[in-house]
Amino acid sequence: KNEVEQSPQNLTAQEGEFITINCSYSVGISALHWLQQHPGGGIVSLFMLSSGKKKHGRLIATINIQEKHSSLHITASHPRDSAVYICAVKAYGGATNKLIFGTGTLLAVQP
Amino acid sequence: GAVVSQHPSWVICKSGTSVKIECRSLDFQATTMFWYRQFPKQSLMLMATSNEGSKATYEQGVEKDKFLINHASLTLSTLTVTSAHPEDSSFYICSARLTGVPYNSPLHFGNGTRLTVT
């Protein structure tokens, strides 16, 4: 079992829909990252959080440390949101630089 | 914002040859850069951590003599895949952390290099 699990693996939505992507992890962490990987491969860091909730535009990320769970929400989804969304955690007490990555959620937003 | 430039974006090479991939931080200094590999439909896997002026730290299972990393300046790290074989075909991506920020600060990624070895 992977230390970082994402669900769903694939998600198709209609433009305008509210989208939720989930990330569960089994290790103690000091931080969790949400990343967006575009079809060409480039990666953009969306959020880094260690507690609570962060919002940036139409994106919202939440984390529940006790439940070892994080969610990424996209409101009013748009075709340009189509990408792979990756959850990655920095394990607490682990090697300083090492992130553990989930396998990603492939999101397709149809017009 | 911080920009990381990776070059080339794609490369095709023959088996047995070497390929160099560059990762540059364009508008900031990066003491530490990271190299990842991603096979199709799989997670990113950290290969090595590149530290300016010192030897890279390789993850378990990554051959340091095959994947040569040089971080000669605060803005440039290079990954050289030596004697490439078809199984080295993959997507290689680097990331960088601004000098002086905490370890848990956001990372800035390059756009990646798709390597195909024929």
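Details
- Among the numbered conditions (1) over 10 Å from the mean Cα position of the chain (by Cα); (2) surrounded by fewer than 16 Cβ atoms within 10 Å (Cβ to Cβ), the only one that residue A:19 does not meet is (2).
- Unique match (being within 11 Å of another protein chain (Cβ to nearest Cβ) and under 11 Å from the mean Cα position of the chain (by Cα)) among B:76, B:46, B:68: B:46
- Some residue of segment A:60-68 being in contact (Cβ under 8 Å) with a residue 24 or more places away in the chain and either within 12 Å of chain B (Cβ to nearest Cβ) or not in a loop (DSSP other than H, G, I, E, B) (or both): yes
- In segment A:1-33, residue farthest from the other protein chains (Cβ to nearest Cβ) [restricted to those that are among the hydrophobic types (A, V, I, L, M, F, W, C) and under 12 Å from residue A:92 (Cβ atoms)]: A:27
- Residue selection: residue B:66 fails the criterion of being of a type in the set (Lys, Arg) and exposed (fewer than 13 other Cβ atoms within 10 Å of the Cβ).
- Subset of segment A:17-57 [charged (D, E, K, R) and touching a Gly at 6+ places or on another chain (Cβ under 6 Å)]: none
- Considering segment B:97-113, and only residues there that are at pLDDT 70 or above and either more than 7 Å from every other protein chain (Cβ to nearest Cβ) or buried (at least 20 other Cβ atoms within 10 Å of the Cβ) (or both), the residue that is nearest to residue A:50 (Cα to Cα) turns out to be B:107.
- Residue check for residue B:84: within 11 Å of chain A (Cβ to nearest Cβ) and surrounded by 15 or more Cβ atoms within 10 Å (Cβ to Cβ): no
- Breaking point among (1) in contact (Cβ under 8 Å) with a residue 40 or more places away in the chain; (2) in contact with a Leu (Cβ under 6 Å, 6 or more places away or on another chain), for residue A:29: (2)
The values are calculated or read from the model by the stated rules, or taken from the named source; none is laboratory data. Keep in mind that this is a model prediction, so the values were computed, not measured. Neighbour counts run over all protein chains shown; Cβ positions are idealised from the backbone, glycine included.
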